[in-house]
Amino acid sequence: MKKPLGILLSLTLLLTGIVGCAATKNSSDVESINTTSAINPVSVNYDTDDYYFDWKNGSYKTIALDGSSATVKGDSLAVQDSVVTISASGVYEISGTLTDGSIIVDVNKETDKETVFLVLNKATINSQTSAPIYIKGAEKAVILLENGTENSVTSGSGTIVDADGEPSAAIFSKTDLTITGSGTLAVTADYNDGITSKDDLKITDGTLIVYAKADGIVGKDSLNVKNGSITITAGKDGMRSTNETDEGKGNVAIQNGQFTITVANDAIQAAKLVQIDDGNFKLNSGGGYPGKSISSGDNNFGGRPAQNATATTSTENTVSTESTEESKKGLKAGQSILVNGGNINISSYEDSVHSNNDIAINGGILSLESGDDGVHADNNLLINNGEITIKNSYESLEGTNITINGGKINVTSTDDGINVNNKEGVLNITGGEVALKANGDGLDSNGSVNMTGGTVYVDGPTANNNGALDYDGGFTISGGTLVASGSSGMAQAPNTNSQPSILMNYTSTQTAGSTITLKDKDGTIVATYTPSKQYNSVAISSPQLSVGSTYTLYSGNTKIVDFTLSDSLTYLAESGVTTKPQNAGPGGGGKGAGGQRPQ
């Protein structure tokens, strides 16, 4: 079923080679089209000091926490009541328990250009009025989680902030921050965010367990994860990068790791690019899949409903139910999403994967459950490889242009399976294995469809106001195998064919589970598919079809019709070859009420 196009945000930084070409409308002539979306990947530079090292073999200073105070050894350390201040670079071992106080790093980076290393070695730091770890100033700070140790920091709800709202996290850094080491760090933020860096935030190792009233982990300029185990429970977003203005910043780049994220809003969000190269992800956003598709509506963040960007400052552990309700997606990006690998499981109230511009999937295993779209791109959606399973969705794959070059796609939707939502858009299929189970249209393009390879099976709608295939421009097929079953009221087939097609309309409804089999005169199977729902029509196209040759169509073990292909598109009834139905759309059967296809 067609939907009006929302407001599309033309954010093109980091994106190159975007080409969209549509066929002339109201014609069966469809040009050969190659719609692509090239997203420039992020390459993160990790320095030597971003990794754990044998700090005990060098010079280091000690901070022994003891209830309401601390004992320090070494210069550049000061203790006042329950606050320990570090004023120079170097290695600082922190151990013991601080019941209500802070470790503050305040180094003049104009005169001291070296790194501050905070070694958490069985350290517990609690503060009711400030950030337990507060890095006010330094060239760079690195938190080392000593191997085999358990550490924790807790910020209370009474945290006092300055005019800029700082410190806004239990671990708060105004400079580049790295977390590494194979120890464990539990972070509890009863005031706001768990871990925040106002510059770059890198995680190269460690086990992080974060509970936050607002966001879990935030790197303003970038958030980069190379390895580690990260568990987040948050009242707003899980992981995010927020810099919307500076070129090359605002990205989340994940190379590997283990991620379990349960949040009220978005699980992983970037102002610019979300890039996933590898890792294992279990993401739950907005309470997860609500058990049914959520209702549709217009908004300014590319989807239905309340898909607006979250505020950059988050202080409340509540989700508004009004029109300004915050986003509840799995992966979300302001510009682009690039998935190169990983095992990604998402249960989301809204879209599981959402970009305000482009999405490219080059690999990985994605298992998605969504109250709205499975994968939604406001601009181009490109699938080159990978395995995509969408168990539940409103529409499974949606974009202004969609290109499928490879991969395995198996999706279920309460409305359209694949939807190109722009009248100038193109659905381009060159390869891959696609299986669609749709209550709305199966393959749906407001523009045109071009298929040159791959296999596509559509278990389409049973209601006559939708069709297994639905296109407004034209459907050109020159390769691949297509079997699309569904209702007959709006049935279509490819209409510009260098590879022959058939469109069969049955006089009686075929029962669910009745296998569709098309054989040639020698009994060789040309195409076969078993729909899970009842059907009244089927469109078939295969490289094995040849005009002038004779074929037999079966339903289960019952022969339905023998026929000879008469044209590049042959219309069939149970009596044999027939003519195109009156008032049919391009390549197919009847229209909706009043002769118009529904939008």
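For the range 190-203, filtering for residues that are open to solvent by less than 10 Å² (accessible area, probe 1.4 Å) and either in a loop (DSSP other than H, G, I, E, B) or more than 16 Å from LYS174 (Cβ to Cβ) (or both) leaves 3.
Residues of the range 549-583 that are open to solvent by 70 Å² or more (accessible area, probe 1.4 Å) and in contact with a Gly (Cβ under 9 Å, 6 or more places away or on another chain): ASP562, SER566, LYS580, GLN582, ASN583.
Looking at the range 209-218 only, could you name the residues that are surrounded by 24 or more Cβ atoms within 10 Å (Cβ to Cβ) and without any contact (Cβ under 8 Å) to a residue 40 or more places away in the chain?
Start the filter on the range 209-218 by keeping residues that are surrounded by 24 or more Cβ atoms within 10 Å (Cβ to Cβ), which leaves 210, 212, 214-218.
If the condition is that a residue be surrounded by 24 or more Cβ atoms within 10 Å (Cβ to Cβ) and without any contact (Cβ under 8 Å) to a residue 40 or more places away in the chain, then VAL210, ILE217 are the ones that fit.
Of the residues making up the range 335-350, those that are surrounded by fewer than 24 Cβ atoms within 10 Å (Cβ to Cβ) and among the small types (Gly, Ala, Ser) are GLY341, GLY342. Scanning the range 408-434 for residues that are among the β-branched types (Val, Ile, Thr), free of Cβ contacts under 8 Å to residues at least 60 places away in the same chain and open to solvent by 40 Å² or more (accessible area, probe 1.4 Å) yields THR412, THR430.
In the set (1) open to solvent by less than 40 Å² (accessible area, probe 1.4 Å); (2) touching a strand residue (DSSP E or B) at 6+ places or on another chain (Cβ under 6 Å), the condition left unmet by GLU150 is number (1).
Just one of the listed residues (VAL142, VAL105) is at negative phi, touching a helix residue (DSSP H, G or I) at 6+ places or on another chain (Cβ under 7 Å) and not hydroxyl-bearing (Ser, Thr, Tyr), and it is VAL142. Going residue by residue through the range 267-288, is there one that turns out to be of a type in the set (S, T, N, Q), farther than 23 Å from ASP50 by Cβ, in a strand (DSSP E or B) and open to solvent by less than 10 Å² (accessible area, probe 1.4 Å)? Yes, there is a match, as at least one residue in the range 267-288 is of a type in the set (S, T, N, Q), farther than 23 Å from ASP50 by Cβ, in a strand (DSSP E or B) and open to solvent by less than 10 Å² (accessible area, probe 1.4 Å). Could you grab me the full set of residues in the range 103-146 that are among the hydroxyl-bearing types (Ser, Thr, Tyr) and in contact (Cβ under 8 Å) with a residue 12 or more places away in the chain? Of everything in the range 103-146, those that are among the hydroxyl-bearing types (Ser, Thr, Tyr) and in contact (Cβ under 8 Å) with a residue 12 or more places away in the chain turn out to be THR115, THR124, SER127, THR129, SER130, TYR134. Screening GLY181 against (1) among the small types (Gly, Ala, Ser); (2) more than 23 Å from PHE53 (Cα to Cα); (3) touching a Ser or Thr at 6+ places or on another chain (Cβ under 9 Å) leaves a single unmet condition, (2).
Can you name the residue in the range 227-248 that is of a type in the set (D, E, K, R) and buried (at least 21 other Cβ atoms within 10 Å of the Cβ) and is also farthest from the chain's Cα centre (by Cα) among such residues?
Our first condition is that a residue be of a type in the set (D, E, K, R); within the range 227-248, this holds for 236-237, 240, 244, 246-247.
Among the residues that remain, those that are also buried (at least 21 other Cβ atoms within 10 Å of the Cβ) are: 236-237, 240.
Working: LYS236: 17, ASP237: 14, ARG240: 14 Å.
Top of the filtered list is LYS236.
For beta carbons closer than 6 Å, sequence separation of 6+ or different chains, a first residue in the range 171-189 that is on the phi > 0 side of the Ramachandran plot and a second that is outside any loop (DSSP other than H, G, I, E, B) and surrounded by 23 or more Cβ atoms within 10 Å (Cβ to Cβ), the qualifying pairs are GLY181/LEU144; GLY181/LEU145.
Yes or no, residue by residue, for (1) closer than 30 Å to GLU424 by Cα; (2) within 29 Å of the chain's Cα centre (by Cα); (3) surrounded by fewer than 24 Cβ atoms within 10 Å (Cβ to Cβ); (4) at pLDDT 95 or above:
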site	(1), (2), (3), (4)
GLY453	yes, yes, yes, yes
ASN465	yes, no, yes, no
LEU503	yes, no, no, yes
SER514	no, no, yes, yes
ASP522	no, no, yes, yes
TYR535	no, no, no, yes
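Taking the range 374-394 as the range and being under 21 Å from ASP472 (Cβ atoms) and in contact with a Lys or Arg (Cβ under 8 Å, 6 or more places away or on another chain) as the test, only TYR394 passes. Here ALA88 fulfils each of the conditions (1) outside any loop (DSSP other than H, G, I, E, B); (2) at pLDDT 95 or above; (3) open to solvent by less than 70 Å² (accessible area, probe 1.4 Å); (4) not acidic (Asp, Glu) apart from (1).
The values are calculated or read from the model by the stated rules, or taken from the named source; none is laboratory data. Model, not experiment: these values are computed from the prediction. Cβ sites come from the backbone with ideal geometry, for glycine too, and all protein chains shown count toward neighbours. Areas reflect the complete protein model, heavy atoms only, side chains present, ligands, DNA and RNA absent. Shrake-Rupley method; radii C 1.70, N 1.55, O 1.52, S 1.80 Å.
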